[in-house]
């Protein structure tokens, strides 16, 4: 059953110093290599918008290349290399990523060192920002604040995702996980060039860093990267708190929000009471696939097809926070009936009523998902970053082997740990 999951990447930690961990991901099937630099912070109201804004401003220009246009022209000279940055949310952590993707030097001739060129460009963008009067350039800052404001306001454009995020937020009120990965407009409006520059220095000096160098390259290049990383001026490295995953639910909350929508969005949130490092986690993943992980699932087959109660119906896990969420689009009048049929599907799993089709198809679906990760270096790197953040050591191969070992009894046990927390309903005005 394993097929090409046997031929996997080799991942190893190369060095660790000054709050920086350097990992090498050896993968020789790509014609490109990538350099990924991650800063990891706790989600907080105070810092979320600042963390999202810093990389957006840094990418606009450096002391040497004073605009994103100049950076883009230089990347073209480097055989069309790519650079980008991003902010993401993994559980109660906010991740700031800078990365470069470039053609492997073995395809460009003996006179190139694109690894060195791209690494130095990343360092230039991160450590040599374009400044104006000792702070970030005001024009760039205001433009990026407007862009970030549009992103925050645009959350509501995708009503399916909006309903999912709002349910998570309502579930986790008072917990760091309720904070949106881009922060709030209220906090964004408070940021000026000086305060953001101070925060940028805090990121560079104090936040834990994870660096992943992916592809096929000589040891000397890895050593050069470590040498450059050791030049960073680092201070007291922030000690990040562990997220709260296990939580008893005293009372189920029901939240209704009214917007201009033609279709109701029902989101049902659960506490899984399972951490990613537990054996039960693998059973939970299979359980989630049987429940709502595709066209083979109970939600699709029963809520959508048999009962015709939903336009779509799926479930998903938030592994870093121990949450499971069911989402479906329904006619508003069908809310109560849809809820009852959905809860019945969970109870069916708890009772062990799992067909061979559901059981076998779930493994196939999980395997396909893992195999698809291998088609992208960025996906591979994100997978291993996630392993480090959740304090697990799985590879793509060992992960699937653990899924394969899951029995029906294991799935039942995982389902019985799942507790209803919040019912969120987005309906029309």
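How do 139, 260, 280, 101 line up, fewest other C-beta atoms within 10 Å first?
Values: 139 11, 260 8, 280 17, 101 21.
So the residues, fewest neighbours to most, are 260, 139, 280, 101.
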If you take the C-alpha gyration tensor of the stretch 8-229, multiply each eigenvalue by 5 and take the square root, what semi-axes do you get, largest first, in whole Å? 31, 21, 17
Please report the spacing between the Cα centers of the stretch 210-236 and the stretch 388-429 in Å, no decimals. 35 Å
Of all DSSP beta bridges with both partners in the stretch 253-428, the antiparallel percent, nearest 5, is 75 percent
Run the Debye formula on the Cα coordinates of the stretch 301-399, all scatterers equal and no solvent, and tell me log10 I(q)/I(0) at q = 0.11, 0.19, 0.21, 0.22 1/Å. -0.49, -1.07, -1.15, -1.19
Quick one: what does P(r) look like for the stretch 253-428 with 5 Å bins over all Cα pairs, in whole %? 1, 8, 17, 20, 19, 15, 11, 7, 2, 0
Please give the helix 193-206 orientation as an angle from the longest Cα principal axis of the chain, in degrees from 0 to 90, rounded to the nearest 10. 80 degrees
Whole-Å distance, taken between Cα centres, linking the stretch 163-201 and the stretch 256-323: 26 Å
Can you tell me the mean projection area, over all orientations, of the convex hull of the chain's alpha carbons? Units nm², please. 21.7 nm²
Would you calculate, for the chain, the mean residue ellipticity at 222 nm contributed by helices, counting each DSSP H stretch of 4 or more residues as -39,500 (n - 2.57) and dividing by all residues, to the nearest 500? -12500 deg cm²/dmol
Nearest 10 degrees, 0 to 90: what angle lies between the long axis of helix 159-171 and the longest principal axis of the chain (Cα atoms)? 80 degrees
Considering the chain as a Gaussian network with a 10 Å cut-off on Cα pairs, which listed residue, 262, 390, 104, attains the greatest mean-square fluctuation? 262
Among 365, 308, 283: highest mean-square fluctuation, GNM of the chain, C-alpha pairs under 10 Å: 308
Burial order of peptide ranges 215-222, 201-208, 319-326, 32-39 (average beta-carbon count within 10 Å, highest first): 319-326, 32-39, 201-208, 215-222
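Run the numbers for residue 257 and residue 26: contour at 0.36 nm per residue of separation, minus the present Cα-Cα distance, in nm.
Working it through step by step, the gained length comes to 78.4 nm.
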With 10 angstrom as the radius, rank 290, 152 by how many other C-beta atoms surround their C-beta, starting from the fewest. 152, 290
Counting only DSSP beta bridges with both residues in the chain, what percent are antiparallel, rounded to the nearest 5? 80 percent
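Computed from the coordinates by the stated procedures, all read-outs in this text should not be read as laboratory data. All values derive from a computational prediction rather than experimental measurement. Note: ideal-geometry Cβ built from the backbone for every residue, glycine included; neighbour counts use all protein chains shown.
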